[in-house]
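See below for the structure under consideration.
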Amino acid sequence: MPDLSQSLQGRDIGHLRIVSQLWGIELAASETSLALEELAAAMRDPGRLAERLETLPGEALQALESLAGGEGRMPWAVFVRRHGEMREMGPGRRDRENPHLDPVSTTESLFYNGLLARAFFDTPDGPQEFAYIPDDLFKIINRGERKERREKDKNFSALSANSAVKEIGSAPLGRLAAPKERARVLPASDRLLDDAATLLAALRMDRQPPETPVPVNTAGDFLRAAGILAGNDPVAEKVKPFLEMPRGEALSMLAAAWQKSETFNELRQVPGLICEGEWTNAPLAARRFLLALLEAIPKDKWWSLPAFVLAVREKHPDFQRPAGDYDSWFVKRAADGIYLRGFEHWDEVDGALVRYLVTGPMAWLGMADLATPEESEIVTAFRIKFRVPGAKFHETGKLNVASQGKITVPQSLPRAARYQIARFCEWDESKPEEYRYRVTTASLKKAAGQGLKVGQLLSLLAKNAAAEIPPAFVKSLKRWELNGTEARVEVQTVLRVSRPEALEELRKSKAGRFLGEILGPTAVVVKPGAGAKVLAALAELGLLAEEVHEE
């Protein structure tokens, strides 16, 4: 970091005299460059620095300590949010208003004392503006000149991310949930496994996935984190082992992949938020930090979610923004398109992420039970488990087949079997613990196009059915495989006339090209979309026709 001379470089003689006045230093030099070196040399004296620090108020000492805990620097935006803004003013206004005599903030006080400077430094994310202690002063402070004072004053604490995580080990954030906050319990579920199987089947069939309790995109992110999906393509060699795993083992595998994933981005999943632009965040770092905070909460104790979120805001507001930058991310509210920029929107963005992590991924992975007030659906309490629970049931369920080709599959059917059956069927609307499918000629053609055979479906059904498969259904499947579609139901427009001569006259007219299959001497099929043209042609022939619609 720059030293005192570099930090004060460019300051006019008036600024240097303000610093010297506050330190009780008499400057002999009147030339700016000479005065700067004289002032810097005097400020580097350990004894004089100790005396100056002794006169500072507690807030200023705490601000310096927070900088020292961050190796002497902190993003400027973070520092001023914690310790107050500094007024920008030129030499004229400064000399009129004398801000050093009545500073509006700790930031302004430290700046005019020469103990705080600001500059842009290179970071992995590009240049960022930092508040910092000039390097020569920081080295003196860091050597322990303030050690005795720091040991006596327990308010001094490093605010770096590492020390913050250690600090919360014995002091969980927030409080126990009030009885009202945990009135209605929503137990953790492993439904994610079933929704993942549904998604895999839909993608394998190249069809639009249905809405599921775990949002489709999020279920996909879990599968991508575990390497089961590559983009939107199922990885064949990993799908079968995943679907055949015991439920507890499969859920643990997804949880482990989620905890270490750099691509699973909770911020971009938060309901009601839309992230736009090319900016990037660090989801893994934010997730690890929040999980460390959650790990300090007593296990199996109901904890207040609003109180936890509030405590994160008060103690670790920048958990996902290491540079304290609340302006460069383009996050907007889906409801009205308003961009949520600035710290004033912390609760809608950063706070929403904290709530989502608990009520979304942790609940879906079986790591947290949730609860709501009696009269509300808003989650207000949670109970940490962390260890992924064992399966609530074994996949030993049986399906039912109706003679019309309808298949009812319970949630407890082996996921691998449901995945395969779903590929042969059209999907009807499911219920919370039940899936409904229909075998149709269209679904069988699609399955055949993927190399699946009717015999495989019959084998799957026989193995997993609760009762004998209806013989009529078995017969229809076998006949379809042998003969293809033997009957067809169509909706067509039919023209009927009172006498054969009228139909013959119409067929010879220019409207004849709109007529299709002849159904008899006085009836013919009208080609799709040509009804109005045929009516007009009949009118030209002197025949007024009426349209009859089935009600």
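The values are calculated or read from the model by the stated rules, or taken from the named source; none is laboratory data. Not measured: the values here are computed from a predicted model. Methodologically, a virtual Cβ is constructed for each residue, glycine included, from the backbone with ideal geometry; neighbour enumeration extends over all protein chains shown.
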What is the residue count in region 235-245 for residues that are more than 14 Å from Asp195 (Cβ to Cβ) and crowded, with 20+ Cβ neighbours inside 10 Å?
1
Restricted to region 314-365, and to residues that are among the charged types (D, E, K, R) and in a loop (DSSP other than H, G, I, E, B), which residue is farthest from Arg287 (Cα to Cα)?
Asp336
Thr198 is checked against (1) among the polar types (S, T, N, Q); (2) within 20 Å of Ala447 (Cα to Cα); (3) loosely packed, with under 15 Cβ neighbours inside 10 Å and fails just one. What number does that condition carry?
(3)
What are the pairs with Cβ atoms under 8 angstrom where one residue, in region 349-367, is assigned by TED's automatic domain parsing to the domain that holds Gly337 and the other, located anywhere, is outside any loop (DSSP other than H, G, I, E, B) and of a type in the set (Asp, Glu)? Sequence gap at least six, or different chains.
Leu353/Glu266; Tyr356/Glu266; Leu357/Glu266; Gly360/Glu266; Pro361/Glu266; Ala363/Asp369
Within 30 Å of Ala226 (Cβ to Cβ) and out of contact with any Leu (no Cβ under 9 Å at 6 or more places or on another chain): is that true of Asp300 in this structure?
yes
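Can you tell me which residue is surrounded by the most Cβ atoms within 10 Å (Cβ to Cβ) among those in region 339-359 that are farther than 17 Å from Leu293 by Cα and in contact with an Asp or Glu (Cβ under 8 Å, 6 or more places away or on another chain)?
Going through region 339-359, the residues farther than 17 Å from Leu293 by Cα turn out to be 339-349.
Narrowing the set further to residues that are in contact with an Asp or Glu (Cβ under 8 Å, 6 or more places away or on another chain) leaves 340-342.
Working: Leu340: 20, Arg341: 16, Gly342: 10.
In this case the residue turns out to be Leu340.
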Which residue pairs have Cβ atoms closer than 8 Å, lie 6 or more positions apart in sequence or on different chains, and pair a first residue in region 14-25 that is assigned by TED's automatic domain parsing to the domain that holds Glu97 and on the phi < 0 side of the Ramachandran plot with a second residue that is buried (at least 20 other Cβ atoms within 10 Å of the Cβ) and among the polar types (S, T, N, Q)?
Val19/Asn113; Leu22/Asn113; Trp23/Asn113
Regarding region 319-328, can at least one residue be identified that is under 23 Å from Ile378 (Cβ atoms) and either surrounded by fewer than 18 Cβ atoms within 10 Å (Cβ to Cβ) or modelled with pLDDT of 95 or more (or both)?
no
Look through Ala63, Ala68, Ala29 and report the one residue that is in contact with a helix residue (DSSP H, G or I) (Cβ under 9 Å, 6 or more places away or on another chain), in a helix (DSSP H, G or I) and over 20 Å from Pro99 (Cα atoms).
Ala68
Filter region 256-281 down to the residues that are aliphatic (A, V, I, L, M), closer than 25 Å to Gly126 by Cα and either in contact with a helix residue (DSSP H, G or I) (Cβ under 8 Å, 6 or more places away or on another chain) or surrounded by 16 or more Cβ atoms within 10 Å (Cβ to Cβ) (or both) and list them by number.
Leu267
Here are Tyr339, Tyr326: which of them is of a type in the set (Phe, Trp, Tyr), under 18 Å from the mean Cα position of the chain (by Cα) and under 27 Å from Ser261 (Cβ atoms)?
Tyr326
Can you tell me which condition Leu251 does not meet? The list is (1) closer than 30 Å to Arg182 by Cα; (2) in contact with a strand residue (DSSP E or B) (Cβ under 6 Å, 6 or more places away or on another chain); (3) not aromatic (Phe, Trp, Tyr), and all the others hold.
(2)
